Amino acid sequence: AEAASRTSAKVSLARYRMASRQVMAVLARYSKRIEKASIDEVYMDITAEVSQASVDDLDEEGRRAVELTKLADGSDAAASVGTWETASDRLLWGGAIVAARIRTAVRRETGYTMSAGVAHSKLLAKLASARNKPNK
């Protein structure tokens with residue numbers, strides 16, 4: 001039998017599907033409201049989880065993830081915690097904390113890194129996630 005050509009042979013997605021299932025299992029512990037957009041992209045509504053978010057609950061890896069979080073203007077999110085006055089700002093900060101928890105859990109349990117975007121809409125979250133690649 002002749003070997004398949006790299007240009008015409010179909011690629012097996014079995015490994016990627018398995019990895020996706022592993023990551024989804026971790027994500028499911030953090031929210032029941034998950035929308036899978038593709039094999040490697042999901043949207044999560046973590047509004048309920050945000051109200052319980054506290055930097056004090058994070059381990060060292062989670063704290064580092066929050067410290068690396070950048071605001072839209074490029075400034076460090078951690079440096080401006082005390083200056084946020086609106087409920088919307090506090091929700092976004094809580095979202096960054098929950099995202100750090102999720103990213104830490106995914107890395108520990110699967111070995112995979114991931115990026116996350118925290119925003120009030122899916123479109124903005126997607127843009128924020130793209131800005132935070134890789135692993136932020």
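The values are calculated or read from the model by the stated rules, or taken from the named source; none is laboratory data. Since we're looking at a predicted model, the values are computed, not measured. Note that we place each Cβ from the backbone using ideal geometry, even for glycine, and neighbour counts take in every protein chain shown. These area figures cover heavy atoms from the full protein model, side chains too; ligands, DNA and RNA do not enter into them. Shrake-Rupley method; radii C 1.70, N 1.55, O 1.52, S 1.80 Å.
How much area per residue is accessible in the range 89-136 when the probe is 1.4 Å and only protein heavy atoms are counted (Å²)?
Accessible area per residue: 56 Å².
Could you give the length gained by full extension between residue 30 and residue 121, i.e. 0.36 nm per residue of separation minus their alpha carbon distance, to one decimal place?
30.9 nm
Beta carbons within 10 angstrom, averaged per residue: use that to sort the peptides 29-36, 96-103, 112-119, 42-49, highest first.
Those peptides, ordered most packed to least, come out 96-103, 112-119, 42-49, 29-36.
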